[in-house]
């Protein structure tokens, strides 16, 4: 189970870092970001997650906010997986404080 949580955590980190990179290039490249190869690559990596968020959010949410919402949800999911992984490691080591 611990290996599965590590894999899930890795799968969450990759699009989170892609979204962070997109945000940095958004600030650095400005309007020319659409022609930037690295921006397009990062966008391709994070597209499955932003697509799901776009489908889940109402139409009133602007398209420019979808990557921010996707990053927030990925961050929240990452914290949940991190906490569960820490708990499982604690239980596997046999600490009494974990079982309360």
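Quick note: the coordinates plus some simple rules give every number you see, no bench work behind them. Note that this is a predicted model, so its numbers are computed, not measured.
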Whole-Å distance linking the alpha carbon centroid of region 81-96 with that of region 1-42 is 29
Applying the gyration tensor rule to the Cα atoms of the chain (axes a ≥ b ≥ c; rounded if a/c under 1.5, else prolate if a/b exceeds b/c, else oblate), the class is prolate
With a ≥ b ≥ c from the Cα gyration tensor eigenvalues, square-rooted, and the rule rounded for a/c under 1.5, otherwise prolate when a/b > b/c and oblate otherwise, region 42-96 is prolate
Between the Cα axis of helix 66-93 and the main Cα principal axis of the chain, the angle (0 to 90°, nearest 10) is 20
Residue span residue 29 to residue 54: 0.36 nm per residue of separation minus Cα-Cα distance leaves a gain in nm of 6.6 nm
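What does the helix-only formula give at 222 nm for the chain: each DSSP H stretch with n ≥ 4 adding -39500 (n - 2.57), the total divided by the residues, and the result rounded to the nearest 500 deg cm²/dmol?
Working: 3 runs with 76 residues, N = 100.
Dividing the helical sum by the residues of the chain leaves -27000 deg cm²/dmol.
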Full extension between residue 77 and residue 14 adds, at 0.36 nm per residue less the Cα distance, a length in nm of 21.4 nm
For the chain the mean separation of alpha carbon contacts under 8 Å (6+ apart) over residue count, i.e. relative contact order in percent, is 36
